[in-house]
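Just below is one structure, and these are the notes that go with it.
The values are calculated or read from the model by the stated rules, or taken from the named source; none is laboratory data. Every value quoted in this text rests on a predicted model; they were computed, and no experiment measured them. Neighbour counts run over all protein chains shown; Cβ positions are idealised from the backbone, glycine included.
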Ligand code: HEC
């Protein structure tokens, strides 16, 4: 005859263990994220510092952002260069981070972004986002 008492309620124990793990992982999310301005995890951007940075010639290239993207980021040197004025700061900051870490590849922009720190990226993003917007859908434009 089978001993019923020796059978353990294994599925129930697993469920309880899984709940305990999930509860432990779900807590303690206070990493200061609410103090940051950007979904890209950047510090708060400063428009005035960004304007100075945008006009400063980069050490690696001898060019400034404005040299290529134009005044307010709205008069690009070449019609295929994107306008930056009025673009979301989060988007600009994210794009610059991607160029910096190589996830977005472009020969010209990699050089521009490689030496920027997080504060400089946030400042540049805040500055160009504060300019008048001329961005539009470029699908089929070139
Ligand atoms: C030598 C010319 C040149 C310079 C200088 C330059 N850029 Fe660019 N930038 C480009 C080009 C070309 C692209 C488009 C690259 C691509 O297709 O990924 C671009 C793309 C970008 C983008 C992505 C825009 C989008 O809509 O996705 C951002 C943001 C940007 N540049 C910011 C800057 C900032 C900030 C600086 C100064 C630190 C700067 N650029 C300097 C040529 C330049």
message: Among the residues in the range 66-80, are any in contact (Cβ under 8 Å) with a residue 12 or more places away in the chain and over 17 Å from residue 50 (Cα atoms)?
response: yes
query: Of all residues in the range 60-81, which are more than 8 Å from the ligand (Cβ to nearest atom) and not in a helix (DSSP H, G or I)?
result: 60, 62, 70, 74, 75, 79
statement: For residue 111, the lone unmet condition from (1) at pLDDT 95 or above; (2) near the ligand (Cβ under 9 Å from one of its atoms); (3) surrounded by fewer than 16 Cβ atoms within 10 Å (Cβ to Cβ) is (1)
task: May I ask you to verify whether residue 84 is modelled with pLDDT of 95 or more, within 12 Å of the ligand (Cβ to nearest atom), part of a helix (DSSP H, G or I) and buried (at least 16 other Cβ atoms within 10 Å of the Cβ)?
output: no
- prompt: Restricting attention to the range 58-74, which residues are surrounded by fewer than 14 Cβ atoms within 10 Å (Cβ to Cβ) and at pLDDT 95 or above?
  reply: 71
task: For residue 40, indicate whether it is at pLDDT below 85 and within 11 Å of the ligand (Cβ to nearest atom).
output: no
Selection count where residues are within 15 Å of the chain's Cα centre (by Cα), outside any loop (DSSP other than H, G, I, E, B) and within 9 Å of the ligand (Cβ to nearest atom), scope the range 88-108: 8
